[in-house]
């Protein structure tokens, strides 16, 4: 009974986590699969992944069934005098053509997805993302050049409800229902701007600007992290993107122009100062 009780509790935990993950833009305990899509790009990625999963599942089942048939049909007691056949033209043609056709079937939607997520010529606004050791800097070129830095909130400074290792002092705020051009570059070493729910994973290289786009479909906070090993504080370089209504975004813009009037963000946290001094 104790075992069944534990299994029931585990199942309940999983169900609650799955329900909480329905609109979450963050990892959840016992989460299964990808984070829920919040952009058209992420939806397209999830759809493509589902297609690939179906194809590889069918291939695996077919190969397993074929292997089982060979083991049973051609075992020694049923074939005391094994065949001496070394070639079969038809089989060789089939096992060459069929994999090629499967790859073509996969390649067509794959290239379509690659071109879809590359860039958007009809972007309504632009933001610039700059990777530093070990924090992010954001700029809004279309809105009086608002510029600020975004640092991880230290564990000792976390407020109730804030996420450990994911919360930042200044979130990147974007309006929902708006196509946003994202320009990404680096200031020192290679970083990677990775936000799973938004379907964005793009490298930040020093001296080069990469481009992608996103369109957040619903309000919420979407977390990510640098997933390129960029130094000793690599694991403390989170991303927090907050999707708000267009009206709320205009209100935030007014406040941001005052808060970041000098083009600076919050003061550099002590751990970052220490790390810089050690370089």
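At a 10 Å Cβ-Cβ cut-off, how would you order 190, 90, 45, 237, fewest neighbours first?
90, 190, 45, 237
Mind giving me the FRET efficiency for residue 87 and residue 118? R0 is 30 Å, r the Cβ-Cβ distance, nearest 0.05 is fine.
The pair residue 87/residue 118 has a calculated efficiency of 0.05.
Taking square-rooted eigenvalues a ≥ b ≥ c of the alpha carbon gyration tensor, is the stretch 156-197 rounded, prolate or oblate, where a/c under 1.5 means rounded and, failing that, a/b exceeding b/c means prolate?
Oblate shape, in that a/c is at least 1.5 and b/c is the bigger or equal ratio.
Please compute the contact order of the stretch 125-278 in relative form: average sequence separation of alpha-carbon pairs under 8 Å and at least six residues apart, divided by the residue count, as a percent.
With pairs under 8 Å counted, the relative contact order is 27 percent.
List 30, 136, 213, 193 from most exposed to least, where exposure is judged by having the fewest other Cβ atoms within 10 Å.
Result, fewest neighbours first: 30, 213, 136, 193.
Classify the stretch 125-278: rounded, prolate or oblate, from the alpha-carbon gyration tensor (a ≥ b ≥ c, eigenvalue square roots; a/c under 1.5 rounded; otherwise prolate if a/b is larger than b/c)?
Judged from the Cα gyration tensor, the stretch 125-278 comes out rounded (a/c under 1.5).
So for 171, 75, 119, fewest C-beta neighbours within 10 Å to most, what's the order?
75, 119, 171
Laboratory data are not the source of any read-out in this text; all were calculated from the coordinates shown. What you see is a predicted model; the values in this text were computed from it and never measured. All Cβ positions, even for glycine, are placed from backbone atoms using ideal geometry, and neighbour counts span all protein chains on display.
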